[in-house]
1. I'm trying to understand the selection: among the residues of the stretch 47-66, which are assigned to a loop (DSSP other than H, G, I, E, B) and open to solvent by 10 Å² or more (accessible area, probe 1.4 Å)?
2. Identify all residues within the stretch 264-278 that are open to solvent by 90 Å² or more (accessible area, probe 1.4 Å) and closer than 30 Å to residue 246 by Cα; write none if there are none.
3. In the set 436, 447, which member is surrounded by 13 or more Cβ atoms within 10 Å (Cβ to Cβ), more than 27 Å from residue 114 (Cα to Cα) and out of contact with any helix residue (DSSP H, G or I) (no Cβ under 7 Å at 6 or more places or on another chain)?
4. Restricting the first residue to the stretch 103-121 and requiring it to be on the phi > 0 side of the Ramachandran plot, which pairs with a second residue that is part of a loop (DSSP other than H, G, I, E, B) meet a Cβ separation below 9 Å and a spacing of at least six or different chains?
5. Could you name every one of the strands (runs of 3 or more DSSP E) located completely within the stretch 130-178 that has at least 3 residues being open to solvent by 30 Å² or more (accessible area, probe 1.4 Å) and over 26 Å from residue 61 (Cβ atoms)?
6. On the given criteria, is residue 8 of a type in the set (D, E, K, R), surrounded by 11 or more Cβ atoms within 10 Å (Cβ to Cβ) and touching a helix residue (DSSP H, G or I) at 6+ places or on another chain (Cβ under 9 Å)?
7. Within the stretch 84-129, track down each residue that is touching a helix residue (DSSP H, G or I) at 6+ places or on another chain (Cβ under 6 Å), within 28 Å of residue 219 (Cβ to Cβ) and in a strand (DSSP E or B).
8. Before we move on, is residue 305 over 30 Å from residue 381 (Cβ atoms), more than 18 Å from the chain's Cα centre (by Cα), surrounded by 18 or more Cβ atoms within 10 Å (Cβ to Cβ) and hydroxyl-bearing (Ser, Thr, Tyr)?
Amino acid sequence: LGDSGNNEVEMHAILAEYDLPYDFPDSVENAAARIPDQIPEEEYQKRRDFRQVPTFTIDPEDAKDFDDALSLRKLKDGYWEVGIHIADVTHYVQPDSLLDKEAYDRGTSVYLVDRVVPMLPERLSNGVCSLRPNEEKLCFSAVFKMDDQARVHDQWFGRTVINSDRRFNYQEAQDLIDGGDGDMKQEILKLNELARKLRKERFDSGSIAFERVEVKFMLDELGSPTGVYFKEHGESNELIEEFMLLANRKVAEYIRTGPQDKTPRTFVYRIHDKPDSDKLENFADFVQKFGYSLDMKSNRAITGSINELLEKVEGKREQNVVETLAIRSMAKAEYSTRNIGHYGLAFDYYTHFTSPIRRYPDMMVHRLLARYLEGGKSADKKKYEGMCKATSDMEKLAEDAERASIKYKQVEFLQDRVGEEFDGIISGVMEWGVFVELTDTKCEGLVHIRDLDDDFYIYDERNYCITGQHNGKKYQLGDPVHVKLVRTDLEKKQIDFLMLDKK
């Protein structure tokens with residue numbers, strides 16, 4: 001692939017390791033190039049026209065693929081009309097076409113530390129489909145009639161045409177929420193007020209508030225890390241999140257409860273199973289050591305007390321460990337035609353409708369929704385279950401590749417600091433050693449058990465600790481420690497520490 005240590009080569013090596021592509025075949029690029037920019041006149045006739053309704057997007061500052069927009073207007077009857085407009089990718093990407101097969105094989109866009117490897121060629125993802133401001137775009141929309149309490153009184157799903165008035169990044173929208181002035185301020189404030197009510201209702205119903213700290217690297221022009229910063233998750237993020245959750249939930253409910261015979265129609269759900277009871281009990285035992293307790297009487301009690309716990313640990317030294325373990329005790333969300341609900345969100349019906357530019361299951365959802373809106377009969381369940389399994393597998397691969405790219409940057413970031421000492425917290429315990437996460441950068445490395453040479457240490461899996469056989473010294477998950485960086489290995493993406501002392 002090229003010289004090791006070269007950023008471009010290393011990122012390609014990670015993609016190759018996970019058998020992920022990093023460019024498109026010419027045939028696929030050519031197919032994308034043939035898609036026209038202009039919307040044909042007859043297409044306008046088939047769609048609901050939102051071009052005159054105040055509409056905007058909110059995305060990360062560096063985003064180029066805008067696949068969701070929000071619109072808001074006050075109706076004559078006093079209700080609010082909230083439009084959640086999603087890029088109509090399946091209008092451009094026809095089933096079994098070259099573009100469709102390529103998107104299905106990829107399953108998802110891959111977000112490495114310094115780049116996005118898109119699921120669709122750039123001409124579509126950043127161009128034709130992307131809901132860029134002041135351009136007419138085709139969408140598949142969920143439109144809700146809501147009152148001031150954020151209760152939904154009416155809903156409509158279908159194809160639309162929009163023209164976004166403004167592209168916000170999260171910080172710009174946050175500034176308006178925090179009292180700043182600017183265009184579309186009233187729309188953003190009203191939608192934020194509704195989003196807060198949706199959020200409260202969701203948590204009152206048992207949704208779990210997982211908000212992990214997101215670590216980002218500052219990179220120079222060669223892709224080398226020069227610093228670390230933590231990504232803020234503000235109310236502007238939550239505003240978008242709540243309306244996307246609403247659209248996803250309402251689409252899934254509509255499919256399940258729409259006009260049908262006795263057999264439910266085949267659909268793609270995003271499901272999340274209940275936690276494994278043994279893992280949950282272990283977690284409850286562990287947090288007791290920090291003086292917290294979990295109420296295990298019922299599902300509702302569990303989710304409520306997990307939320308309470310996550311709130312209490314915020315800002316404490318054990319926050320990261322408790323959050324990590326809470327997530328580890330949960331099942332993994334996946335795609336399936338067999339609906340069991342979404343435990344973490346406390347929704348009986350949930351799907352992914354809102355990101356078809358970067359997730360293939362959302363394209364499947366758009367096609368099925370269109371089919372059923374037109375009165376079509378139920379799709380082949382076995383075929384769709386196979387597609388759900390394949391896209392769930394690709395999602396996991398993409399996550400593993402993303403983690404590998406972050407790990408590589410961590411090693412690269414620390415490689416010139418061998419010999420330095422750091423404060424950290426024990427973030428993992430295994431029979432071969434303890435993992436330590438550095439407090440200031442969240443970089444993680446290993447203290448090998450063979451390097452703890454003051455005693456023979458015994459691993460206690462249930463209590464997440466190792467204990468010295470003779471001196472009784474214990475290293476437990478969540479303990480603050482002081483370590484020295486002794487080795488970095490870019491090739492293996494490994495960081496090794498030496499334990500100096502417990503803090």
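The values are calculated or read from the model by the stated rules, or taken from the named source; none is laboratory data. What you are looking at is a predicted structure, and each value in this text was computed from that prediction instead of being measured. Positions of Cβ are generated from backbone atoms using ideal geometry, with glycine treated the same way; all protein chains shown enter the neighbour counts. Areas reflect the complete protein model, heavy atoms only, side chains present, ligands, DNA and RNA absent. Shrake-Rupley method; radii C 1.70, N 1.55, O 1.52, S 1.80 Å.
1. Those that are assigned to a loop (DSSP other than H, G, I, E, B) and open to solvent by 10 Å² or more (accessible area, probe 1.4 Å): 47, 51, 52, 54, 60, 61, 62, 63, 64, 65, 66.
2. Of everything in the stretch 264-278, just one residue is open to solvent by 90 Å² or more (accessible area, probe 1.4 Å) and closer than 30 Å to residue 246 by Cα, namely 274.
3. On the way: 436 fails: more than 27 Å from residue 114 (Cα to Cα).
One residue alone meets the criteria, 447.
4. 107/119
5. On the way: elements: 136-146, 152-163, 166-169.
Output list reads 152-163.
6. When the stated conditions are applied, residue 8 does not pass them.
7. Correct list: 108, 110, 111, 112.
8. Yes.
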